[in-house]
């Protein structure tokens with residue numbers, strides 16, 4: 001199996017596939033995602049800890065509330081209640097933050113989905129460019145075959161020139177130029193060899 | 001740009017990033033996003049939508065860039081992350097492996113017969129199916145070698161294998177592809 005041919009075949013199959021869509025990739029978005037992950041990583045355990053503390057405080061209060069309360073403890077109860085209130089406020093704030101982060105996350109996802117939808121609408125200019133690229137490639141491919149397999153140098157040269165003429169700025173035009181210079185070089189080498197052979201002294 | 005100059009520029013970028021210069025990361029994403037996306041797209045079997053995986057690659061790169069010492073090229077390092085992410089994604093999805101089905105009538109082929117050399121979309125899809133059906137290790141070397149056009153040294157560095165192992169995998173891949181796409185690859189009398 002010809003390795004070069006396999007490579008060409010794979011390249012053409014790859015070229016024919018749709019190009020990858022990467023609308024949502026940008027450094028800013030990645031940084032934003034990292035920040036969000038970090039916020040959630042910090043906020044969730046904090047919220048959990050706050051909830052646990054509130055629960056523990058309520059349990060303690062209840063336990064203390066069961067036996068008849070001594071008269072000396074109302075101040076302590078008041079301070080504990082104050083602490084519970086503070087913890088509750090803290091928990092509420094943390095939960096609110098988590099909800100906000102999640103909401104922003106959902107909005108981002110929706111935005112990304114919309115952007116992806118927008119990006120999936122094919123760009124006619126790009127499609128045209130791909131078509132041009134494909135045509136230039138096919139011409140090169142056929143010219144290669146003409147030259148390498150069928151030994152039709154003139155036809156191959158004409159095909160390469162056609163590529164250069166039709167698509168002068170395309171990358172395949174560069175390939176065509178390279179091939180033409182290779183062919184030219186080979187022809188010069190051949191003619192040099194012939195010339196040398198003719199000039200050899202005839203020893204009798 | 002020479003390889004040496006490129007490496008030193010990449011090291012500079014990593015150093016700038018370590019110093020807290022955010023624009024360095026912007027430039028890294030700008031320079032390598034397309035290549036990473038193309039590699040991920042090929043490794044995952046041309047699904048086209050590779051946004052998530054590319055984001056994950058650069059997310060890991062962002063977190064690990066401080067440890068990048070420039071022992072290999074930045075591109076190689078990013079490709080290594082991409083290969084690993086693609087492996088995990090395929091494992092997570094546990095997609096059934098598509099077995100390439102032999103074409104009952106290989107009409108369009110690369111035969112010597114002139115016009116027939118024009119292959120249609122179905123033939124290309126068949127080639128992609130054949131690549132997709134390759135075992136993971138063979139598919140990786142095939143994509144890196146033939147489609148990404150990487151050198152043996154870079155592939156070995158990237159996959160952490162020796163040149164011999166790479167050659168063995170490549171030979172196996174070629175044999176499989178010959179089995180599936182023989183009619184497209186051989187000359188016809």
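The values are calculated or read from the model by the stated rules, or taken from the named source; none is laboratory data. Predicted model, so just to flag it, every value in this text is computed and none were measured. Reconstructed Cβ throughout: ideal geometry from the backbone, glycine too, with neighbour counts over all protein chains shown.
Some observations on this one:
- Restricting attention to the range B:51-77 and to residues that are closer than 27 Å to residue B:142 by Cβ and touching a residue at least 40 places away in the same chain (Cβ under 8 Å), the residue that is nearest to the other protein chains (Cβ to nearest Cβ) turns out to be B:74.
- For the range B:146-165, a tally of residues being surrounded by fewer than 21 Cβ atoms within 10 Å (Cβ to Cβ) and in a helix (DSSP H, G or I) returns 10.
- For residue B:41, the stated conditions do not hold, so it cannot be described as more than 8 Å from chain A (Cβ to nearest Cβ), part of a helix (DSSP H, G or I) and out of contact with any helix residue (DSSP H, G or I) (no Cβ under 7 Å at 6 or more places or on another chain).
- Selected residue [within 14 Å of another protein chain (Cβ to nearest Cβ) and either surrounded by fewer than 15 Cβ atoms within 10 Å (Cβ to Cβ) or at positive phi (or both)] from B:82, B:48: B:48
- Residue B:22 in contact with a helix residue (DSSP H, G or I) (Cβ under 8 Å, 6 or more places away or on another chain), within 12 Å of chain A (Cβ to nearest Cβ) and over 28 Å from residue B:142 (Cα atoms): yes
- Of all residues making up the range B:101-143, the number that are within 12 Å of chain A (Cβ to nearest Cβ), crowded, with 18+ Cβ neighbours inside 10 Å and at pLDDT 80 or above: 13
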